[in-house]
1. Restricting to region 491-521, name every residue that is of a type outside the set (D, E, K, R) and surrounded by fewer than 17 Cβ atoms within 10 Å (Cβ to Cβ).
2. Quick one: in region 410-456, which of the residues that are surrounded by 21 or more Cβ atoms within 10 Å (Cβ to Cβ) and of a type in the set (Ser, Thr, Tyr) is farthest from Asp364 (Cα to Cα)?
3. Restricting to region 170-207, and then to whatever is modelled with pLDDT of 85 or more and of a type in the set (D, E, K, R), can you tell me which residue is farthest from Ala160 (Cα to Cα)?
4. Does region 255-295 hold any residues that are at positive phi and either out of contact with any Lys or Arg (no Cβ under 9 Å at 6 or more places or on another chain) or free of Cβ contacts under 8 Å to residues at least 40 places away in the same chain (or both), and which are they?
5. Does Ala302 satisfy being farther than 18 Å from Ala229 by Cα, assigned by TED's automatic domain parsing to the domain that holds Asp105 and either in contact (Cβ under 8 Å) with a residue 24 or more places away in the chain or crowded, with 19+ Cβ neighbours inside 10 Å (or both)?
6. What are the residues in region 133-165 that are among the β-branched types (Val, Ile, Thr) and either in a helix (DSSP H, G or I) or more than 16 Å from Phe641 (Cα to Cα) (or both), if any?
7. Given the condition in a strand (DSSP E or B), surrounded by fewer than 24 Cβ atoms within 10 Å (Cβ to Cβ) and touching a residue at least 12 places away in the same chain (Cβ under 8 Å), answer yes or no: does some residue in region 305-317 qualify?
8. Glu505 fails exactly one of the following numbered conditions: (1) modelled with pLDDT under 95; (2) among the charged types (D, E, K, R); (3) in a strand (DSSP E or B). What is the number of that condition?
Amino acid sequence: MRTSIRTAGVLAALLAVGVTGCADGRTTRNAPPSPADLTGKVRLVAYASCDEMTEGLRRAAARNVTAWGFGDAMLYAVRDAAAAEKRATPEQSYSTTNTHEAGVDEPDLVKTDGDRVITITGGVLRVVDANTRKITGTLRLVAENQSWAQADLLVHGDRALVLFQGGGIIPFGATAKTGVGPGGPRYVLVDLSGEPRVLGAMTVRGQHVDARQSGSTVRLVVRSTPEIAFPVPEQNEPEDERLERNRAAVLSAPADAWLPAYDIETGGTSRTDRVGCDRVSHPDQFTGTSMLTVYTIDLAAATPFGSAAPIAVAADGDTVYATANSLYITSNPRWRAARPIDVVPESPATPQAPPERTQVHRFDVSAPGAPRYVTSGSVPGRLLNQYSLSEYDGHLRVATTSGAEVAGASAGTSESGVYVLDAGTLTQTGSVTGLGKGEQIYSVRFMGGLGYVVTFRQTDPLYTLDLRDPAAPKVTGELKITGYSAYLHPAGEGRLIGIGQEASEEGRRLGTQVSLFDVADPAAPMVLSRFHQTESGSEAEWDPHAFLYRPATGLAVIPLQTWADGGVADSAALALRIGDHEITKLGVVTHPRQPAGSGFAPAYQGIRRSLVIGDDLWTVSGAGLKVSDAATLADRAWIPFS
């Protein structure tokens, strides 16, 4: 789908084609409009003026508003994106966050530069000296009664950016005395050169999608919905009348209802800015009910928040993938669509929605400052996570599943495929389809010219793909085993590690499983070794940031929770040794149990991350840090957080 951009119109078409949701599980009498049909060209177009933008957004949103507002489109949070390890050659003396692409960092709850360990847990940032194993700085960024606040870190030199995903964070400084701040994401810049102190903050209206860092440059992706005050429903008001009043509210809404706003606090002052009309673009087809904004912050600049350099696209988004030069944001227009159970069609003649497709937008991030839009396109089906995307040798590979448990899909109709797109135009070059019929993708890993796809329903087919010819990708091998791998990690020449679940022949999950695959012969993948822990689960299955692997020693560590009597029986870090042909258990690391009334919620007591500095293995929980011998797991130090 070739895409073009012109600088002639910024907001006019924003309200064009859309998806309708039904909030609170209510049933509407009218079927929602059909999702955007992206089988044709996808063009991203800039608006010419605020008037054009406002009128276009009004029209599009009016088509998609319901008697209940914009419905579920406002309620669903984006799917967590997973990540893979950034590997250095030769291997560094300390581990870094397990990321998808080398040179592109991803937010996580712990960071290290080999000399310091920096964590954010329970809304408190802590700096630990890796040599003395003592806390050298502490900074509380939320009120104690909001210690549940979800936050991650990005670090450059002596500056840390703390990313709060939203939900009523109390701001730092004087404004903290006035109560809870806006419920949107909040990004706080902290100076680490001495005792940690806040340098500034940015609070954004919307939902945090994801962020990526290259060098000192951080790009934040935020999704927002129009800020429109719908009329209060009158008692016994007919739904059709309520719908008309909502449409009238949309059609009279000002441009600011759509233009994303953000607050910047720095140097003792604060200001509110909005994305300018001239910074907004839109694809040919869109709902008018969402906007994606990319904010750019340079952590090395004298005034990092001096200019957030935002650009916006009238589109939705749920997955972010980046390389050193490209930023991709994808969205599935039907992902937040109303479910059939919520809708009673007026007649059997209701139009059928077009086949499900995922929209892909690419931005050039090779230079500092705001990204430059390059092109857009679409592929059939929907993505699992960012590992479904991979840019290689001028092409973007995209793995999707079509027809899997979506509205109206019949059992067994799903199948998966990999589509190869020209990265410059996002037009399709080639594809291989028909993978895992009746199943869904559970994990994907692209490694150079090869690809690996795991689908699952009752058994786990691991497909190996040859993608070296972009015009003719093909399946070269298939391995069927019980269970599935939810995350795949490269483990040297011809080896692949899988983290997932063992399962019965009927597909019932039986506990965490770590597998070692031999993929040296793409035509005949084999299982070399498997480790299975019954009645257990690991965060690494859905968040690869929780997976640690050191190729030089074969050390692999994952958080592990075991179950008993319907609850969590134990939480530990499981350490394995992964050799060339087998997996052996090294042991487990546990943290001291917190006494009742200690203030630590159960979720914070469990070990969530691990890292290596020299010959030390560090494990992180909400209660503290433990330092162990990386070879023997012998205790070396316990650093409590209270």
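1. Gly492, Gly494, Ser504, Gly507, Leu510, Ala520 - these are the residues of region 491-521 that are of a type outside the set (D, E, K, R) and surrounded by fewer than 17 Cβ atoms within 10 Å (Cβ to Cβ).
2. Among residues in region 410-456 that are surrounded by 21 or more Cβ atoms within 10 Å (Cβ to Cβ) and of a type in the set (Ser, Thr, Tyr), the one farthest from Asp364 (Cα to Cα) is Ser414.
3. Selected residue: Arg205.
4. Gly267, Gly268
5. Considered against the rule, which asks whether it is farther than 18 Å from Ala229 by Cα, assigned by TED's automatic domain parsing to the domain that holds Asp105 and either in contact (Cβ under 8 Å) with a residue 24 or more places away in the chain or crowded, with 19+ Cβ neighbours inside 10 Å (or both), Ala302 comes out as no.
6. Here is the first cut: in region 133-165, the ones among the β-branched types (Val, Ile, Thr) are 135-136, 138, 142, 155, 162.
Listed by number, the residues that qualify are Val155, Val162.
7. Keep residues of region 305-317 that are in a strand (DSSP E or B), which gives 311-313.
Filter once more, keeping what is surrounded by fewer than 24 Cβ atoms within 10 Å (Cβ to Cβ): 311.
Narrowing the set further to residues that are touching a residue at least 12 places away in the same chain (Cβ under 8 Å) leaves 311.
Yes, region 305-317 contains at least one residue that is in a strand (DSSP E or B), surrounded by fewer than 24 Cβ atoms within 10 Å (Cβ to Cβ) and touching a residue at least 12 places away in the same chain (Cβ under 8 Å).
8. So the condition that Glu505 fails would be (3).
The values are calculated or read from the model by the stated rules, or taken from the named source; none is laboratory data. Note that the structure is a prediction, hence the values are computed from the model and not measured. Neighbour counts are summed over all protein chains in view; Cβ atoms, including those assigned to glycine, are modelled from backbone coordinates with ideal geometry.
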